[in-house]
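Everything on this sheet refers to the single structure shown next.
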Amino acid sequence: MTRSADNIARQGISRRRFLERTGLIGGAVVLGGPALLAACGGGGITSKSSQTSGGANAKTSGCPLPTQSYTKSLAISNWPLYIDKKTVSAFTAATGIATSYKEDFNDNEEYYAKVRPILSQCRSIGKDIIVPTDWMAGRMIGLGWAAKIDPAKVPNKKNLLDSLAHPSFDPNRDFTMPWQTGMTGIAYNKKAFASLGLAAPTSMKDLLDPKLKGKVTFLTEMRDCVGLWMLEQGKNPSTGSYADATSAFDQIEHAARSGQVRRFTGNDYGDDLSNGNVIAAMAWSGDVVQLKANNPALEFVVPEAGGMLFSDNMIIVATSEHVADAEAWIDYVYDPVNAARITAEVQYISPVKGVADELRKIAPTLADNPLITPPESIQQRLHIFKRLDSAEEKQYNTRFQQILNG
């Protein structure tokens, strides 16, 4: 890719499309019907003298917490194009905490591979906060790499959306706080559907209509693809077992083998939708918003049975010497005023209550957009895929790869 990130941002290209990963930018949405399934602190550090190096304890998920530094300093790794231009400097001015903010978290597995040799030895990676996606956050917690977040140091934790408060990978949000969130559902071309005599899709089963054979794509992201089909079949991907997912895998495989599905894609389903190769696709809503700017016939729908919800989550690294400074950052960005400033720039779903009211003051057109500030009725239709242990992850991924490989 030859264009710079700045040029991409100025042209309004979504972070997901830029990175070929999950994302969400505001736009129009078509919602499914009412028969939907519902979605779904610890110790902080204040001074160097109060903690010393030692064995794993209640302050982390495993690695021993190092001696804490007196220096007010913070180092953050986050995804590109995921913050406004004022928040970091405003935070430093408000707290006196010198903050290094790097956009060097480009891929979950890539970042994991980079830090694993270091964190597996409980050594510092030179970062205090990192922002992995749900499933990777769960993996890192399980490996002992997360420090507990002291709710007394983060009073704005009360502003966390209820729908995000109890994910399976961190049931009480002891180790994580969401940075931004987004949805997975169905994109379709309404004109093409009408020309075939088809009503707008309201379920995953609608993508199996014989008239759509060879004109549908599914996602290569296992959790999104399997999760949508589990919901369609009355199973909850937030809590279900592998046995519960079996019929979803079978349905995905049948759709692939029969030729109903043209192919499995990452973000490149957008190309197929734009050029007419497909007229329906499993999709990430932010991509569809960008595509809709050039093709108004494209729409995004949350299936009646529910859609998938992802979050990128702030984790304080267990080897951090600046836990209190990291907690101060989390508290700062969970102030609705500050969260709204970030949302107005990145246009993802904020995990912070009260953002809509603040957006009305600075970006009124975004305040009532259901893709940016979804009402409770939408939030209750979204599900976070459950945390998989290593055996389950192998089981799920092996089955999915068998389907992808034919």
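Points worth noting:
- Residue among PRO155, PRO171, PRO178 that alone is open to solvent by 50 Å² or more (accessible area, probe 1.4 Å) and over 25 Å from SER241 (Cβ atoms): PRO155
- Near pairs, Cβ below 6 angstrom, 6+ apart or cross-chain, from the stretch 383-406 (closer than 24 Å to THR217 by Cβ and part of a helix (DSSP H, G or I)) to any residue that is open to solvent by 50 Å² or more (accessible area, probe 1.4 Å) and of a type in the set (Asp, Glu): ILE403/GLU253
- The residues of the stretch 116-125 that are surrounded by 14 or more Cβ atoms within 10 Å (Cβ to Cβ) and either in contact with a strand residue (DSSP E or B) (Cβ under 8 Å, 6 or more places away or on another chain) or among the polar types (S, T, N, Q) (or both), listed by number, are LEU119, SER124, ILE125.
- So LEU231, is it at pLDDT 95 or above, in contact with a strand residue (DSSP E or B) (Cβ under 8 Å, 6 or more places away or on another chain) and farther than 30 Å from ALA146 by Cβ: no
- Residues that are more than 17 Å from ASP335 (Cβ to Cβ) and out of contact with any helix residue (DSSP H, G or I) (no Cβ under 7 Å at 6 or more places or on another chain), drawn from the stretch 350-367: PRO364, THR365
- Single match in THR239, THR265 (criterion: β-branched (Val, Ile, Thr) and within 18 Å of HIS383 (Cα to Cα)): THR239
- The numbered conditions (1) open to solvent by less than 10 Å² (accessible area, probe 1.4 Å); (2) within 18 Å of PRO178 (Cβ to Cβ); (3) more than 21 Å from the chain's Cα centre (by Cα) are all true for ALA328 except (1).
- Residues considered: SER274, SER285. Of these, the only one that is of a type in the set (Ser, Thr, Tyr), open to solvent by 30 Å² or more (accessible area, probe 1.4 Å) and farther than 20 Å from GLN233 by Cβ is SER274.
- ILE76, sole failed condition from (1) within 21 Å of the chain's Cα centre (by Cα); (2) closer than 27 Å to GLN379 by Cα; (3) not in a helix (DSSP H, G or I): (2)
- Boolean, LEU36 is open to solvent by 60 Å² or more (accessible area, probe 1.4 Å), over 21 Å from ASP174 (Cα atoms) and at pLDDT below 50: no
- Pairing each residue of the stretch 259-276 that is modelled with pLDDT under 90 and polar (S, T, N, Q) with any residue that is open to solvent by less than 40 Å² (accessible area, probe 1.4 Å) and part of a loop (DSSP other than H, G, I, E, B), provided the two are 6+ apart or on different chains, yields no C-beta distance under 6 Å.
- Screening PRO303, PRO374 for residues that are of a type outside the set (Gly, Ala, Ser), in contact with a strand residue (DSSP E or B) (Cβ under 9 Å, 6 or more places away or on another chain), open to solvent by less than 20 Å² (accessible area, probe 1.4 Å) and more than 20 Å from LYS158 (Cα to Cα) leaves exactly one candidate, PRO303.
- Residue among ARG139, ARG123, ARG173, ARG116 that alone is among the charged types (D, E, K, R), at pLDDT below 95 and farther than 18 Å from TYR82 by Cβ: ARG139
The values are calculated or read from the model by the stated rules, or taken from the named source; none is laboratory data. Here the structure is a predicted model, which means the values were calculated and not measured. Cβ coordinates were reconstructed from backbone atoms using ideal geometry, including for glycine residues, and neighbour counts include every protein chain displayed. For accessibility, only protein heavy atoms count, side chains too; no ligands or nucleic acids. Shrake-Rupley method; radii C 1.70, N 1.55, O 1.52, S 1.80 Å.
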